[in-house]
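Remarks on the structure that follows.
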Amino acid sequence: MPIRALAFSLIIAGFAGGVSAAGAAETFRQLKGSEIAARFKGMEFTDDEVHWAYVFDRSGRLSSFSMGKKGTGAWRVEKDKLCLDRGSEQGCYEVWTSSRNAQLRQPGSDIFEEGILQTPAARQ
């Protein structure tokens, strides 16, 4: 009987630990049009400041940096989506955020770009 009670206690403790870990996971919230503009104007969206970054100028100009190469384009908010024109690549994305973390999600797809929003880093 004591072994059964111990096993039951371990199962309950494991379940409670799993629930706590799930509760600690980040909760992302979808932004709407005006919220997207407010969060991205004058900011940089980057993975780790090394591999890639997008700088969102207040005027709608987009500067991109990818593995040392610079590119330019444009950005705008349209129908609750962030639209990027990166030359040959164009697309509109849902924006989901949790604190500084942001995801650009393609509607109807599990594919997304994830990074952080921060003040633009100085680059050469």
Give 65, 45 a once-over and let me know the one that is of a type in the set (Phe, Trp, Tyr), at pLDDT 95 or above and either surrounded by 11 or more Cβ atoms within 10 Å (Cβ to Cβ) or not in a strand (DSSP E or B) (or both). 45
Output the residue which, of all residues in the range 99-124 that are in contact with a strand residue (DSSP E or B) (Cβ under 8 Å, 6 or more places away or on another chain) and among the polar types (S, T, N, Q), is farthest from residue 80 (Cα to Cα). 119
Can you name every residue in the range 90-104 that is touching a residue at least 24 places away in the same chain (Cβ under 8 Å), surrounded by fewer than 16 Cβ atoms within 10 Å (Cβ to Cβ), part of a strand (DSSP E or B) and small (Gly, Ala, Ser)? 98
Of all residues in the range 45-81, how many are out of contact with any Gly (no Cβ under 9 Å at 6 or more places or on another chain) and under 16 Å from residue 96 (Cα atoms)? 0
Restricting attention to the range 76-89, and to residues there that are modelled with pLDDT under 95 and part of a strand (DSSP E or B), which single residue is surrounded by the fewest Cβ atoms within 10 Å (Cβ to Cβ)? 89
Restricting the range 48-62 to residues that are surrounded by fewer than 13 Cβ atoms within 10 Å (Cβ to Cβ) and over 16 Å from the mean Cα position of the chain (by Cα), the residue that is modelled with the lowest pLDDT: 50
May I ask you to say which residue of 14, 73 is assigned to a strand (DSSP E or B) and either at pLDDT 95 or above or out of contact with any Lys or Arg (no Cβ under 6 Å at 6 or more places or on another chain) (or both)? 73
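The values are calculated or read from the model by the stated rules, or taken from the named source; none is laboratory data. Bear in mind that the values here come from a model prediction, so they are computed numbers and not experimental data. All Cβ positions, glycine included, derive from the backbone under ideal geometry; neighbour counts span all protein chains shown.
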